[in-house]
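Here's the structure, in structure tokens; my notes come after.
Every read-out reported here was derived from the displayed coordinates using simple, explicitly stated rules and does not represent laboratory data. Values in this document were obtained by computation on a predicted structure and should not be read as measured data. Note that we place each Cβ from the backbone using ideal geometry, even for glycine, and neighbour counts take in every protein chain shown.
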Amino acid sequence: FADSGRVLISKNPKDTGAFKTPTLREVARHPPYMHDGSQATLREVVEFYKRVGHPNPHLSDKIGPLNLTDEQQDALVAFMEALNGEGYADSAPKLFPQ
């Protein structure tokens, strides 16, 4: 992996490849997606998870294929796009934790 994930902070080997799950508020306004920006659209994110992501030794056994139809994928993307609000003060932080 190019990024080891939360294990760098927690020192718990079970956190290898784990990342904080961000809020979905305004998610459609902030591409690219994933911790590394590897997915350009919300549709690509849904396709990624439909395939169970990238097989790796740290993948939880609780993760499995989504088995979504095209219609269900469209509905999921539409739902995420509907999470955009009006008037929410959305701005990037000036500093990030070190």
So who's got an amide H within less than 5 Å of the one on A18, skipping anything under 5 residues away but keeping other chains? H placed 1.01 Å off N, in plane. R6, V7
Taking θ = phi - 60°, what integer Hz values does the Karplus form 6.51 cos²θ - 1.76 cosθ + 1.60 yield along segment 24-39, in sequence order, with x for Gly and Pro? 9, 4, 6, 4, 5, 8, 10, x, x, 10, 6, 5, 10, x, 6, 10
Take each of the peptides 40-48, 54-62, average the number of other beta-carbon atoms within 10 Å over its residues, and list them starting from the highest. 40-48, 54-62
Which ³J(HN,Hα) values in Hz, rounded to whole numbers, follow from the phi angles of segment 2-12 under the Karplus curve 6.51 cos²θ - 1.76 cosθ + 1.60, where θ = phi - 60° and Gly and Pro get x? 6, 10, 6, x, 4, 4, 5, 9, 7, 6, 8
Theoretical gain in end-to-end length, H35 to V52 [0.36 nm per residue, Cα-Cα removed]: 4.5 nm
Below 8 Å between Cα atoms, with a sequence gap of 6+, how large is the relative contact order for the chain in percent? 25
So how strong a dipole does the chain carry about its Cα centre when Lys and Arg Cβ are +1 and Asp and Glu Cβ are -1, to the nearest 20 debye? 540
Dimensions of the chain along principal axes (Cα, Å, largest first)? 40, 40, 19
